[in-house]
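Here is the structure we will look at.
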Amino acid sequence: MDNLEKYKGVIPAFYACYDEQGNISPERVRKLTEYLIGKGVKGVYVNGSSGECIYQSVEERKTVIENVMEVTRGRITVINHVACNNTKDSVELARHSEEVGVDAIAAIPPIYFHLPEYSISKYWNEISAAAPNTDFIIYNIPQLAGTALTMNLFKEMLKNPRVIAVKNSSMPVQDIQMFKTEGVEEKGEFVVFNGPDEQFISGRMIGADGGIGGTYAVMPELFLAADKAFREGRCSDALVIQNKIDEIIYAMCECRGNLYAVMKEILKDRGVDIGSVRAPLEPVSSADMEKIKKCSVMINEAIKAFG
Ligand SMILES: CC(=O)N[C@H](C=O)[C@@H](O)[C@H](O)[C@H](O)CO
Ligand SMILES: CC(=O)C(=O)O
């Protein structure tokens, strides 16, 4: 098995980058990629929930990953989420991902229809077969996907040699331990990513090798500092930073606008303009602006203190 070190660390979920008309902006994709590389993150997770992938066409998703790859050129790890809810389009994105040279592809289960587990494993394995030289990451996010990764389904997927990790966004941190233990037992080495940003340090403590998260990109310095403190065994420092992160996430969630819209406003304050969100996601309202400014101040102060 390949060395999996390249996946172990802080991996921000990449946001959808739009121009003023709401179309994907290749320039802004490049800008966001450079910004994240500059922060020292381990990698990026492209075209996931935070990339608003369920609102994008196959062509748009190809444009996004092509531009990310042109900027990264091997400097950081790139994971591309390719699930499209039908096998055909997902297979096409998987094939394209391997062509452009991503490190790994990832996929949620099919949503809306609650399919039997043999259909879900078939869906994932067909996607994976379309990128035969690329690592595959299972994305477990039951609260949004409507289907959970059961141990049974997980064990079935471990038979696929390309399956090297689970990105676990279910809320019990214990799930991380279960997937890690079973994965390591079966494969010798296996990566689990923490999903819920609010539990990043708990996830690390119980066995996650790193995290992939939707709020990392607005405050990468804080997640990197928390991760560093954890690695160095300074657990109380890590906890202090985690508490501050959570305070910031709760404050961002108080806005009327969708969380991604709020975070994109904060990124503008940080010098990266990637537009707003695609409908039906709610853009920020004028009443949100004051709250957003406060979030920006909280982030800046926390970076000064811990970053
Ligand atoms: C449910 C959901 O979207 N989970 C994301 C990925 O795991 C997280 O990164 C959240 O965006 C984050 O924890 C904020 O709630
Ligand atoms: C939030 C997240 O991790 C994603 O973009 O899927």
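The values are calculated or read from the model by the stated rules, or taken from the named source; none is laboratory data. The shown structure was predicted, so the numbers you read here are calculated from the model rather than taken from an experiment. Counting neighbours? That spans all protein chains shown, and the Cβs are built from the backbone with ideal geometry, glycine included.
Before moving on, here are some points about what is shown:
- In the stretch 192-221, residue surrounded by the fewest Cβ atoms within 10 Å (Cβ to Cβ) [restricted to those that are charged (D, E, K, R) and either assigned to a loop (DSSP other than H, G, I, E, B) or within 8 Å of ligand 1 (Cβ to nearest atom) (or both)]: E198
- Of all residues in the stretch 164-191, those that are under 13 Å from I138 (Cβ atoms) have Cβ atoms under 7 Å from Cβ atoms of residues that are of a type in the set (D, E) and within 13 Å of ligand 1 (Cβ to nearest atom), 6 or more apart or on another chain, in N168/D175.
- Selection from the stretch 174-190 of residues that are more than 10 Å from L149 (Cβ to Cβ) and within 16 Å of ligand 2 (Cβ to nearest atom): I176
- Residues (under 24 Å from S50 (Cα atoms) and among the polar types (S, T, N, Q)) located in the stretch 108-120: none
- Residues located in the stretch 277-297, provided they are surrounded by 21 or more Cβ atoms within 10 Å (Cβ to Cβ) and under 20 Å from the mean Cα position of the chain (by Cα): V277
- Across the stretch 42-79, the number of residues qualifying as crowded, with 18+ Cβ neighbours inside 10 Å and within 16 Å of ligand 1 (Cβ to nearest atom) comes to 13.
- Residue that is farthest from I249 (Cα to Cα), among those in the stretch 282-297 that are touching an Asp or Glu at 6+ places or on another chain (Cβ under 7 Å) and hydrophobic (A, V, I, L, M, F, W, C): V284
Conditions (1) over 17 Å from the mean Cα position of the chain (by Cα); (2) of a type in the set (G, A, S); (3) modelled with pLDDT of 95 or more, marked per residue:
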| residue | (1), (2), (3) |
| --- | --- |
| G203 | no, yes, yes |
| P220 | no, no, yes |
| R231 | yes, no, yes |
| I249 | no, no, yes |
| I266 | yes, no, yes |
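- Options Y123, Y112; residue that is touching a Pro at 6+ places or on another chain (Cβ under 9 Å), within 20 Å of V82 (Cβ to Cβ), more than 16 Å from ligand 2 (Cβ to nearest atom) and of a type outside the set (K, R): Y123
- Tallying residues that are part of a helix (DSSP H, G or I) and crowded, with 17+ Cβ neighbours inside 10 Å within the stretch 80-96 yields 8.
- First in the stretch 44-59 and among the charged types (D, E, K, R), second anywhere and more than 12 Å from ligand 1 (Cβ to nearest atom), Cβ under 8 Å, 6 or more apart: E52/A16; E52/V277; E52/R278; E52/L281
- Search result, residues across the stretch 132-147 that are without any contact (Cβ under 8 Å) to a residue 40 or more places away in the chain and either under 20 Å from I79 (Cβ atoms) or surrounded by 14 or more Cβ atoms within 10 Å (Cβ to Cβ) (or both): P132, N133, F136, I138, P142, A145, G146, T147
- The stretch 2-22 - residue that is in contact with a helix residue (DSSP H, G or I) (Cβ under 8 Å, 6 or more places away or on another chain) and under 21 Å from V58 (Cα atoms) and, of those, farthest from ligand 1 (Cβ to nearest atom): D19
- Within the stretch 191-236, tally of residues that are among the small types (G, A, S) and in contact with a helix residue (DSSP H, G or I) (Cβ under 6 Å, 6 or more places away or on another chain): 9
- Test set (1) farther than 11 Å from P12 by Cα; (2) part of a helix (DSSP H, G or I) - G74 fails condition number: (2)
- Unique match (being farther than 30 Å from P26 by Cβ and either β-branched (V, I, T) or part of a helix (DSSP H, G or I) (or both)) among K264, K291: K291
- Hits in the stretch 17-38 (condition: touching a Cys at 6+ places or on another chain (Cβ under 8 Å) and outside any helix (DSSP H, G or I)): I24, S25
- Scan of the stretch 133-158 for residues that are under 17 Å from C53 (Cβ atoms) and away from ligand 1 (no atom under 16 Å from the Cβ), ordered by number: F136
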